[in-house]
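As structure tokens, the structure follows; a few thoughts come after it.
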Amino acid sequence: QVQLVESGGGLVQPGGSLRLSCAAPRSIFSIYTMGWYRQAPGKQRELVAAITTGGSTSYGDSVKGRFTISRDNAKNTVYLQMNSLKPEDTAVYYCNARRYDSHYWGQGTQVTVAA
């Protein structure tokens, strides 16, 4: 079973920053597009950001200019740097590995933005 191991969630004040990390097996990381999704209570899961093996990135409209996704190929780890956090960013954040119709998910990490 493929394991994506997430870390870095927590409670932060509005305007603050957090960095999420997700480690994946090398066999997955080297060929899969890595990404982050989030799901707030009562809402559908939505794409936050994704990065291909070649380093091309894409972002959800609500996080453009505030969040940055990156990958460290030596550590088989993808990061999500979140700046200027807002209360509406509060959600469970999930790491995702995607290749064609194949998806793997992390267990999720809670991010709460509140004063």
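One table, with the values for the structure above:
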{"read-out": "Any hit, region 35-56, residues being under 13 Å from S21 (Cα atoms), open to solvent by 20 Å² or more (accessible area, probe 1.4 Å), in contact with a strand residue (DSSP E or B) (Cβ under 6 Å, 6 or more places away or on another chain) and charged (D, E, K, R)", "value": "no"}
{"read-out": "Test: residue in region 37-48 that is without any contact (Cβ under 8 Å) to a residue 40 or more places away in the chain and in a strand (DSSP E or B)", "value": "yes"}
{"read-out": "L11 part of a strand (DSSP E or B) and surrounded by fewer than 17 Cβ atoms within 10 Å (Cβ to Cβ)", "value": "yes"}
{"read-out": "Criterion violated by H103 - all others in (1) part of a strand (DSSP E or B); (2) over 11 Å from the mean Cα position of the chain (by Cα); (3) touching a residue at least 40 places away in the same chain (Cβ under 8 Å); (4) within 25 Å of V2 (Cα to Cα) satisfied", "value": "(3)"}
{"read-out": "Residues within region 57-78 that are open to solvent by less than 60 Å² (accessible area, probe 1.4 Å), touching a residue at least 24 places away in the same chain (Cβ under 8 Å), under 16 Å from I28 (Cβ atoms) and not basic (K, R), tallied", "value": "3"}
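The values are calculated or read from the model by the stated rules, or taken from the named source; none is laboratory data. This is a predicted model, so every value here is computed, not measured. For neighbour counting, all protein chains shown are included, and Cβ atoms are generated from backbone atoms with ideal geometry for every residue, glycine included. What goes into the accessible areas is simple: the full protein's heavy atoms, side chains included, and nothing from ligands, DNA or RNA. Shrake-Rupley method; radii C 1.70, N 1.55, O 1.52, S 1.80 Å.
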